[in-house]
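In what follows, a single structure is set out as C-alpha cells and then discussed.
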Amino acid sequence: MKEAFDVAIVGAGPAGTSAACILADAGIKTIVFERGEYPGAKNMSGGVLYGYDLAQVLPDYVKRRCPIERNIVESRIWYLDKEGGYSLAYRDSIFAAERKHNVFTVSRAKFDCWYAQQAAKKGALVVPATVVVDLPRDEKGFVVGVVTGREDGEVRAKITLLADGINSPLAASTGFRLEPKAEEVALAVKEIIELPAEVIEGRFNVSAEDGVTTEVLGAITGGMSGVAVIYTNKSSLSLSVGANLADFAAEKIKPYELMEEFKQHPMVAPLISGGKPMEYTAHWLAEGGYDAIPKLYGDGYLITGDSAMLFNTPHREGSNLAMASGKMAAETIIEAMKGKDCSRDGLAGYGRRLAESYVIKDMKKYRRFGRFLYQNKEIFNQLPHLAAFAGREIITVNGVSKKEKQKLIIRELRRQLSLCRLIRLAWRGWRSVK
Ligand SMILES: Cc1cc2nc3c(=O)[nH]c(=O)nc-3n(C[C@H](O)[C@H](O)[C@H](O)COP(=O)(O)OP(=O)(O)OC[C@H]3O[C@@H](n4cnc5c(N)ncnc54)[C@H](O)[C@@H]3O)c2cc1C
C-alpha cells in the first residue's frame, strides 16, 4: 500500500523547509523530498539571508544555533570599469545593535542542513537523496502526491507543494510551469576563497562578528546584463558573478572567464590576495520577474520560492521571498485542511496572502527592471567607461583647468552616447523601478 501524508513537499531549500516547519508545528503530517545527498548539498547562493523572514518561521533561530557567518553592518555598491570604478557604501551601527541580523551571511550547505533539522525536530519527515520525478493526478485532475525515483516510490498526499527551485525540470516537465526562457534566468558562478578571519576583519574594517556585502555592476560582466557580488563569511569570502543566460549564449563568453577577470580587477585582487580557493559552483537565478510568475496554485498543489519565479532582481533578494512564500503556502494549506477543501478554491488564500504581502508588491514594482538591464547594454559598456573617464580626469591634477576637463568629459560623452540617449536611458531606468 502506498504511504499517505497530508502534505508532500518537493525540495528542502528555504521555501520548502519554511513550509515544513509551519505545517509540522500545526500537527500536519508532512514529508519533504530533497534530491541532494543532504539538504544544502545542491544549493548555492551568494550567502545572504534576512533575519525578519526567518524569524517569522523560527523566532528563536539564534538560540537554535543558526549557523550565521557574519552579521552585515555595511552594504557597498560598486560601479566598475576594467581598471577602476566608483564605490558607494552605507554603514550604520544600528545594524550591530537593535537591527542586528537584519542581514547576515551563511554557507547554504550548512544553513539548509540546519534548517531542515529544525523542521525534522518539529515532526516533518525529511527524505534526502530522493528525486521527485512525477506529480500524479487523479481522474478529476487533482495532484495526489509524488512519484520518486526510488523503487515503489509513489507517495500519496492531499496537497503537494512544489519548492524545487529554478534549476528543476520537474515543474516544467509536468506542465506546472513553462520551461524558463533563456532571458528569464541568469547563470552565476560562485567561488569561495578562504582567508584567516583577522585578515577579513582588517581588509573590510569590521569586528569579529560583523561583515560587509558588495554588489558590483558595470564592465565586469563583459558587456552582458549581469552582476557580481563579494560577501564576507567568517573565514572566507564568497565571490559570484553572473549574467543573463541569453547573453552568455549570444556573446560566447564562458562564466569562469568572467570570474577570472573579476578576481583580477584592481579593486577585487587586494581583497582576495593570499586566499585559498575552496569551492566552485554554478547555478541559475530566477530573473523572469513578475510577468514570468506561473499559476501559483491549483487542485491539490501550490508552487513557491524560486520555482514560482519569486526573486527580486535589483535587491538580489530570493531566500526571503522563498521563506515568506513557503510560510504563506503552509498557512493556506492549514486553512484548506481545516475546511477539508484541497481544490483550487480551497487554496485561493495563497494568492491573496501573496498579493497582500511585500513579495508580490515588490515583484510588481520591479516588473520592468530585468528587461531594462537586458535591453540597455550601455549600462555594461559605454557608461562604465564614461564614468571612469570622468573620475580619472577630475582626480588627475595636471595643470589643465577644470573648465577644460569638463569640456573633455562632455566631448567623450558625445563620442560614446548622445545626450538624448542618456536622457532616454535615465527615464527608462526610473520607470523600471518607480
Ligand atoms: C549566485 C547566486 C547568488 C544569490 N544570492 C542571493 C542572496 O544574496 N540573497 C538571497 O536572498 N538570495 C540569493 N540568491 C537566490 C536564492 O539562492 C534563491 O532565491 C533561494 O535559494 C530560493 O529558495 P528555494 O527554496 O525556492 O529554492 P532552492 O534554494 O533552489 O531549493 C530548491 C531545493 O529543491 C531541491 N530539488 C529540486 N528539484 C527536486 C526534485 N525533483 N526532487 C527533490 N528535490 C528537488 C533542490 O536540490 C534544492 O535543495 C542567489 C542565487 C544565486 C544562484
Go over the candidates Gly211, Gly202, Gly218, Gly222 one by one and state the one that is modelled with pLDDT under 95 and either out of contact with any Lys or Arg (no Cβ under 9 Å at 6 or more places or on another chain) or of a type outside the set (A, V, I, L, M) (or both). Gly222
Working only within the stretch 152-190, note down all residues that are buried (at least 21 other Cβ atoms within 10 Å of the Cβ), at pLDDT 95 or above and more than 16 Å from the chain's Cα centre (by Cα). Val155, Ala157, Lys158, Ile159, Thr160, Leu161, Leu162
Only one residue in Leu162, Leu135 is closer than 16 Å to Ala15 by Cβ and assigned by TED's automatic domain parsing to the domain that holds Ala24, so which one is that? Leu162
Given the options Val133, Val127, Val147, name the one that is in contact with a helix residue (DSSP H, G or I) (Cβ under 9 Å, 6 or more places away or on another chain), surrounded by fewer than 24 Cβ atoms within 10 Å (Cβ to Cβ), of a type in the set (A, V, I, L, M, F, W, C) and over 19 Å from Leu49 (Cα atoms). Val133
Number of the condition not met by Glu257 [criteria: (1) over 30 Å from Pro384 (Cα atoms); (2) of a type in the set (Asp, Glu); (3) at pLDDT below 95]: (1)
Lone unmet requirement of (1) in contact with a Ser or Thr (Cβ under 7 Å, 6 or more places away or on another chain); (2) surrounded by fewer than 19 Cβ atoms within 10 Å (Cβ to Cβ) for Ala249: (1)
Residue set Ser319, Ser273; condition of a type in the set (Ser, Thr, Tyr), at pLDDT 95 or above and more than 16 Å from the ligand (Cβ to nearest atom); output residue Ser273
Pick from the stretch 116-134 the residues that are under 29 Å from Glu191 (Cβ atoms) and near the ligand (Cβ under 10 Å from one of its atoms): which of them is nearest to the chain's Cα centre (by Cα)? Ala116
Given (1) touching a helix residue (DSSP H, G or I) at 6+ places or on another chain (Cβ under 6 Å); (2) among the charged types (D, E, K, R); (3) closer than 30 Å to Phe262 by Cα, where does Lys364 come up short, assuming only one miss? (3)
Among the residues of the stretch 7-14, are any assigned to a helix (DSSP H, G or I), within 17 Å of Leu321 (Cβ to Cβ) and near the ligand (Cβ under 6 Å from one of its atoms)? yes
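Report yes if Asn71 is among the polar types (S, T, N, Q), touching a strand residue (DSSP E or B) at 6+ places or on another chain (Cβ under 6 Å) and modelled with pLDDT of 95 or more, otherwise no.
So Asn71 fits the description; yes.
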What are the residue pairs meeting all of these: first residue in the stretch 216-241, first residue within 18 Å of Leu49 (Cα to Cα), second residue near the ligand (Cβ under 10 Å from one of its atoms) and among the aromatic types (Phe, Trp, Tyr), Cβ atoms under 8 Å, and 6 or more apart or on different chains? Leu237/Tyr231; Ser238/Tyr231
Consider only pairs whose beta carbons are under 9 Å apart and that are at least six residues apart or on different chains; among these, list those whose first residue lies in the stretch 86-98 and is over 12 Å from Glu215 (Cβ atoms) and whose second residue is of a type in the set (A, V, I, L, M) and part of a helix (DSSP H, G or I). Tyr86/Ala387; Tyr86/Ala388
Residues being buried (at least 18 other Cβ atoms within 10 Å of the Cβ), more than 9 Å from the ligand (Cβ to nearest atom) and either in a loop (DSSP other than H, G, I, E, B) or not assigned by TED's automatic domain parsing to the domain that holds Asp164 (or both) - total across the stretch 30-61: 2
The stretch 137-150, residues that are over 14 Å from Leu302 (Cα atoms) and within 16 Å of the ligand (Cβ to nearest atom): Val147, Thr148, Gly149, Arg150
Looking only at the stretch 233-255, which residues are part of a strand (DSSP E or B) and within 12 Å of the ligand (Cβ to nearest atom)? Ser238, Leu239, Ser240, Val241, Gly242, Ala243
Identify, from the list Lys327, Lys338, the residue that is within 16 Å of the ligand (Cβ to nearest atom), basic (Lys, Arg) and farther than 17 Å from Gly289 by Cβ. Lys327
If I filter the stretch 288-306 down to residues being touching a helix residue (DSSP H, G or I) at 6+ places or on another chain (Cβ under 8 Å) and assigned to a loop (DSSP other than H, G, I, E, B), which single residue comes out as nearest to the ligand (Cβ to nearest atom)? Thr304
Out of all the residues in the stretch 62-81, which are touching a Lys or Arg at 6+ places or on another chain (Cβ under 6 Å), surrounded by fewer than 20 Cβ atoms within 10 Å (Cβ to Cβ) and in a strand (DSSP E or B)? Glu74
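The values are calculated or read from the model by the stated rules, or taken from the named source; none is laboratory data. Predicted model, so just to flag it, every value in this text is computed and none were measured. Heads up, the Cβs are rebuilt from the backbone with ideal geometry, glycines too, and the neighbour counts pull from every protein chain shown.
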